[in-house]
1. Do you know which of the residues in region 72-92 that are of a type in the set (S, T, N, Q) and not in a loop (DSSP other than H, G, I, E, B) is nearest to the chain's Cα centre (by Cα)?
2. Here is a check on your reading of the model: is residue 3 among the β-branched types (Val, Ile, Thr) and at pLDDT 90 or above?
3. Out of 95, 56, 17, I need the residue that is exposed (fewer than 12 other Cβ atoms within 10 Å of the Cβ) and assigned to a helix (DSSP H, G or I). Which one?
4. For region 52-72, which positions are small (Gly, Ala, Ser) and over 14 Å from residue 42 (Cα atoms)?
5. Please state which one of 49, 26 is in contact with a Phe, Trp or Tyr (Cβ under 7 Å, 6 or more places away or on another chain), exposed (fewer than 14 other Cβ atoms within 10 Å of the Cβ) and at pLDDT 90 or above.
6. Which ones in region 75-92 are at pLDDT 95 or above, crowded, with 17+ Cβ neighbours inside 10 Å and out of contact with any Asp or Glu (no Cβ under 7 Å at 6 or more places or on another chain)?
Amino acid sequence: MNTKENMIHDYDAIMNEKYGKVGTPERTEFRKKAYAFYMGQVIRDARKEEKISQSELGKRIGANKSYISRIENGMIDPTLSTFHSIINALGLRIEIVRPVV
């Protein structure tokens, strides 16, 4: 919840109203799109930090500029193998760890 200008906002209620309740197809689709957008932003930021163009990144993974653009804009969700290729091409690594409980 957030209080701004003496108003209380219940973000769960807002999300439920706008995208459906957790577990509904609408909410699941929203989460999928949100994760694709977030992943695209991470890739875009890493690419810019490495100072390479979308075209260059595409060449490094055997894809074209348009494909990289669609990933970065969250329009498509790349396969895990493509994501791994992108991460390697950017000189990054994926680390899988167990959460601290």
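1. 82
2. Answer is no for this residue.
3. After ruling out the rest, the residue left standing is 17.
4. Just the residues of region 52-72 that are small (Gly, Ala, Ser), to begin with: 53, 55, 58, 62-63, 66, 69.
The answer is 53, 55, 58, 62, 63, 66.
5. Only one candidate passes the filter, namely 26.
6. The answer is 85, 86, 89.
The values are calculated or read from the model by the stated rules, or taken from the named source; none is laboratory data. Small disclaimer: the values here were computed from a predicted structure and weren't measured. For neighbour counting, all protein chains shown are included, and Cβ atoms are generated from backbone atoms with ideal geometry for every residue, glycine included.
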